[in-house]
Amino acid sequence: MVENWDVIIVGAGTAGIPAAIFAGQRGAKVLLLDAADKIGGTLHLTTGQMSAAGTALQKKLGINDNPKDHFDDVMRISENTADRDLVKLAVDNAADTFDWLMNNGFTPLKNHPVLGNAHEPYSERRYYWGPYAGISILEAMSPLLDEQIASGQVVISLKTKLKNLILNNKKIIGIDIEAEDGTKATIKGKNVILSTGGYSSNPELFRELSGPKLYWKGAYPYSRGEGLTLAKKIGGVLRGGENYLCGYGAILKSFNYPTEITTRVISHPHIRLPWEIHVNIKGERFFQEDYDSVHIREKKLLEQKNLMSWVIFDEEINKKSPALLKDFSKEDTNSFFSNHPMFYIADDLGDLARKSGVEEEGLKKTISEYNYSIENNKPDPFGRIHRPLKIEKPPFYAICTHGVSITSTVGLTVNSQLNVIDAKKEPINNLFAAGEILGSGQTMGKCSAGGMMLTPALTFGKLLGQKLLSW
């Protein structure tokens, strides 16, 4: 085995794989490590959504797009909470990344690119994903990595954990590792890339860095945050906690957190207009339920206790409205009220409030006001237009939902060369980072900007592999 590698890459996922491919193609001796027993990381779970402007596919379709407009859109959607330098680096190089994938077998869905939906859309069609979600991307990259492994430029070591970063005179000179069988080793390297992903399978670290409890047991199991904690230990700076954002309307399997998700309430008005109202623990509505983007409700949910909300309706709405739950029929939904901990039914509102944990007085007041405004044709205080029925005929129903996230908002601070920097904004020499370890709050801000987690991870890994030894 090489004693002093040109590049050591810790994490064989979305960022680590392209870093290894391009470094190997340039003649570097690369060691690629991962704690899992297979490559791919979160590509095995992600929807695989990418965004890129100025791609060959766009040009073929007559779409006139450019990185500046992409940048402006991301900053608009994020309300200027994303990191401008990282966003610019990502979007300026995104088309090259996407074209590279296309040239190596990636095929997006037939109607792509699209503007996006549910969250704030782009101003131009630059949003793409493949038929097999993240696996479509992995299948395009794997043969290229296999070529570098076969050539001897890249050596891969799976089931191998990073235990320590070796710092000598403000310069990383290697790492300590431990194999699954307990074998330990010190590996020397000229450059180390941390692409170890996030921390969303670590409840304690999630609570410490993101703020809320980790409700959802749905993240990649190796997203434990070791890269973050070890980099912090040698002077790296973590940032981005203020940009935490959660998804809306998850119905968890139990209150024993973290747990799996049964399904989600359909809260996208372009798919299903709301018949119900949504309330917080005080029994109060807190957003416009038929607003055409989930962006507002996600932001408003952050203000609610424990990121919890309840969907409230009556028997008439239950009978006449379309199915409320994603991938479940009306009959399935009704069956949950007899056997699921998040579903409640009662003959009067007071009993419903007591069963579900919502404040009784607030719930009664909210429903009375809601019914009065419909009956008297008064404007809704939140601007809601679609109000087909009052909530007045028992039995009454409540479904408890949680705001959940499996992305890691907080990440390492890097400079424009993706070099990890310390509190004085000085680089920790030879230490670089790419992928979710940078934090979703940097490339998306406090929002969901389409494709701005996966594409930057691919792009930053590719850039490091292309330029690391020459920067």
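The values are calculated or read from the model by the stated rules, or taken from the named source; none is laboratory data. What you see is a predicted model; the values in this text were computed from it and never measured. Quick reminder, even Gly has a Cβ in these numbers, built from the backbone with ideal geometry, and neighbours come from all protein chains shown.
The table below gives the values:
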read-out	value
Flag for Tyr215 being within 17 Å of Ala457 (Cβ to Cβ), under 18 Å from the mean Cα position of the chain (by Cα) and not assigned by TED's automatic domain parsing to the domain that holds Met444	no
Residue that is nearest to Gly411 (Cα to Cα), among those in segment 185-199 that are in contact with an Asp or Glu (Cβ under 8 Å, 6 or more places away or on another chain), crowded, with 22+ Cβ neighbours inside 10 Å and of a type in the set (Gly, Ala, Ser)	Gly198
All positions within segment 179-205 that are without any contact (Cβ under 8 Å) to a residue 24 or more places away in the chain and farther than 26 Å from Lys29 by Cβ	Gly182, Ser201, Asn202, Glu204
Top-ranked residue in segment 446-463 [being assigned to a loop (DSSP other than H, G, I, E, B) and out of contact with any strand residue (DSSP E or B) (no Cβ under 9 Å at 6 or more places or on another chain); ranked as nearest to Ile137 (Cα to Cα)]	Met453
Qualifying positions in segment 245-261 - at pLDDT 95 or above and in a loop (DSSP other than H, G, I, E, B)	Lys253, Ser254, Phe255, Asn256, Tyr257, Pro258, Glu260
Residue in segment 322-353 that is surrounded by the fewest Cβ atoms within 10 Å (Cβ to Cβ), counting only those that are of a type in the set (Ser, Thr, Tyr) and touching a helix residue (DSSP H, G or I) at 6+ places or on another chain (Cβ under 9 Å)	Thr333
All helices (runs of 4 or more DSSP H) inside segment 1-104 with 1 or more residues being outside the structural domain of Lys462 (by TED's automatic domain parsing)	none
Wholly within segment 352-445, strands (runs of 3 or more DSSP E) carrying at least 1 residues that are in the same structural domain as Leu324 (by TED's automatic domain parsing) and over 30 Å from Ile17 (Cβ atoms)	396-404
Neighbours by Cβ (under 6 Å, 6+ apart or cross-chain): first from segment 219-234, modelled with pLDDT of 95 or more; second in a helix (DSSP H, G or I)	Gly225/Leu205; Gly227/Ile437
Residue match in segment 422-429 (condition: within 24 Å of Ile406 (Cα to Cα) and either touching a strand residue (DSSP E or B) at 6+ places or on another chain (Cβ under 6 Å) or without any contact (Cβ under 8 Å) to a residue 12 or more places away in the chain (or both))	no
Residue check for Thr81: of a type in the set (Ser, Thr, Tyr) and closer than 27 Å to Phe22 by Cβ	no
Segment 200-222, subset assigned to a loop (DSSP other than H, G, I, E, B) and among the basic types (Lys, Arg), residue surrounded by the most Cβ atoms within 10 Å (Cβ to Cβ)	Lys217
Within segment 272-292, tally of residues that are small (Gly, Ala, Ser) and surrounded by fewer than 17 Cβ atoms within 10 Å (Cβ to Cβ)	0
Verdict on Thr107 being farther than 30 Å from Asp181 by Cβ, part of a loop (DSSP other than H, G, I, E, B) and either of a type in the set (Phe, Trp, Tyr) or in the same structural domain as Gly461 (by TED's automatic domain parsing) (or both)	yes
Selection count, segment 179-195, where residues are part of a strand (DSSP E or B) and out of contact with any Ser or Thr (no Cβ under 7 Å at 6 or more places or on another chain)	9
